[in-house]
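These notes are about the structure you will find just below.
The values are calculated or read from the model by the stated rules, or taken from the named source; none is laboratory data. Note that the structure is a prediction, hence the values are computed from the model and not measured. Note that each Cβ is placed from the backbone with ideal geometry, even for glycine, and that neighbours are counted across all protein chains shown. Surface areas here come from the heavy atoms of the whole protein model, side chains and all, with no ligands, DNA or RNA. Shrake-Rupley method; radii C 1.70, N 1.55, O 1.52, S 1.80 Å.
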Amino acid sequence: MTLKELAESFPDIYKQYSDHYSSRRMKLKPIDRLISFIESEYNISIINIVQEKNQNFKPCIRINGNETKYDISLPLSRSKSFLVTKALEAINMGLAS
């Protein structure tokens with residue numbers, strides 16, 4: 001998910017994200033800044049479990065202590081995007097505190 005997609009799909013969360021990083025200088029990629037924001041503001045952990053044989057990752061997300069593992073194997077960048085989307089859906093539905 002790009003920042004533009006975030007702004008269009010979840011304007012309230014995007015505003016919080018923008019306010020959070022407006023005065024900070026961070027040398028992270030946008031997706032990593034977004035993950036950092038989600039993990040620091042909500043009770044969500046984004047976890048990528050490495051599969052050593054093929055260097056793909058199994059996405060896993062923990063929301064309010066409840067862990068969900070997805071039975072798919074993705075490259076790291078796609079796994080991060082997938083988990084950010086799942087996290088934003090949970091936030092939007094009020095599942096994350």
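Computed values, structure above
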item	result
Cα-based equivalent ellipsoid, the chain: semi-axes from gyration tensor eigenvalues, Å	23, 16, 12
Cα-based helix-to-principal-axis angle, 11-21 vs the chain, degrees rounded to 10	90 degrees
Helical mean residue ellipticity (222 nm; -39500 (n - 2.57) per DSSP H run of 4+; nearest 500) of the chain	-15000 deg cm²/dmol
Förster radius 22 Å - calculated FRET efficiency between GLU5 and ASN54 (Cβ-Cβ, nearest 0.05)	0.20
Where the chain is the region considered: accessible area per residue in Å², 1.4 Å probe	63 Å²
Relative contact order computed over the chain (Cα-Cα under 8 Å; 6+ residues apart), in percent	24 percent
